[in-house]
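Heads up, the thing below is written out as structure tokens.
Read the figures in this text as sums done on the coordinates, not as results from a lab. Fair warning: this is a prediction, and the values are worked out from it, not measured in the lab. Using ideal geometry, Cβ is built from the backbone for each residue, glycine included, and neighbour counts are taken over all protein chains shown.
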Amino acid sequence: MRLEVLTDALWTCCKTGRMLTGEHPEPHSAVVDHIRPHNGDPDLFWDRDNLQAVTKEWHDSIKQARERADKAAAIHPKWLKPSLVPLTIVCGPACSGKTTWAQEQASPSDLIIDLDRIAADISGEPLHGWSRERWLNAALWRRNNMLGDLSRKSDHPAAWLIVSEPKARHREWWAQTLKPERIVVLEVDEPECMRRAEAEGRDLNATEATVTRWWAEYDRRIGDERP
């Protein structure tokens, strides 16, 4: 089954796009990983659809994040350094299409850093339905490590950071800390966000509260782009 998973994936990491050419325990060696943690459940352990091909480097970083799930992680890490990778930060309310917009602009080799996707990868839970109480710290640890890696040489030609950040002072903090090439704010109004939330089958009450709070806190900042 392991060989089948790797062959179907063309010996390519489904998370980073890197070829799985290394010999264990090299960073680019092949690991067949469980998408949803099996936690001893034999059905999940042997479920072919619950397996994916990844690099050892990616697998170990997710494992490390899971182990840190009960330790507080910073939302705005003070230790971050300016990004050496050309970086765009994309902000906006829930369901404003931040990740979709970034994907449309990005090349296939670009790195997109999205807390929802990171949490879903770590937890095996739905993209917009993961438990923040259980997985937020783990996802922040992983995200912060990825942001820290931006200050070193990278195989990615560009990077995109997805954050909501309604407050101008927080966007200014990111601007001064990571030195991105640009900060883009998607000013999608509440009715449109809710229309998209309904189409995606999201929790409407939770989404409405999040979107309303974003707009209540939002203020513009000189230098932000608003497409």
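Numbers below:
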quantity: Full-extension gain in nm, residue 28 to residue 133, via 0.36 nm per residue minus C-alpha separation; calculated: 34.6 nm
quantity: Residue-span extension gain [residue 81 to residue 35] - 0.36 nm each, minus C-alpha spacing; calculated: 13.4 nm
quantity: Computed [θ] at 222 nm, helices only, for the chain once each DSSP H run of length n ≥ 4 contributes -39500 (n - 2.57); calculated: -12500 deg cm²/dmol
quantity: Cysteines having no other Cys beta carbon under 4.7 Å from their own, within the chain; calculated: 13, 14, 91
quantity: Whether segment 2-67 is rounded, prolate or oblate, judged on the alpha carbon gyration tensor where a/c under 1.5 counts as rounded; calculated: oblate
quantity: Computed magnitude of the charge dipole of the chain (debye, nearest 20; Cβ of K, R +1, Cβ of D, E -1); calculated: 920
quantity: Cβ-based net charge around residue 121, under 12 Å, with every Lys or Arg adding one and every Asp or Glu removing one; calculated: +3
quantity: Candidate lysines for bridging to residue 15, where Cα separation is under 30 Å - those fewer than 8 sequence places away on the same chain excluded; calculated: 56, 63, 71, 78, 81, 98, 153, 179
quantity: Cα gyration tensor shape of the chain, rounded if a/c is under 1.5, else prolate or oblate by comparing a/b with b/c; calculated: prolate
quantity: Share, in percent, of DSSP beta bridges within the chain that are antiparallel, nearest 5; calculated: 30
quantity: R0 of 25 Å, Cβ-Cβ distance residue 18-residue 100: FRET efficiency to nearest 0.05; calculated: 0.55
quantity: Extension gain from residue 199 to residue 145, taking 0.36 nm per residue of separation minus the Cα-Cα distance; calculated: 16.1 nm
quantity: Virtual paramagnetic centre 7 Å along Cα→Cβ of residue 43, amide N under 19 Å, in segment 115-132; calculated: 124-126
quantity: Cα gyration tensor shape of segment 121-227, rounded if a/c is under 1.5, else prolate or oblate by comparing a/b with b/c; calculated: oblate
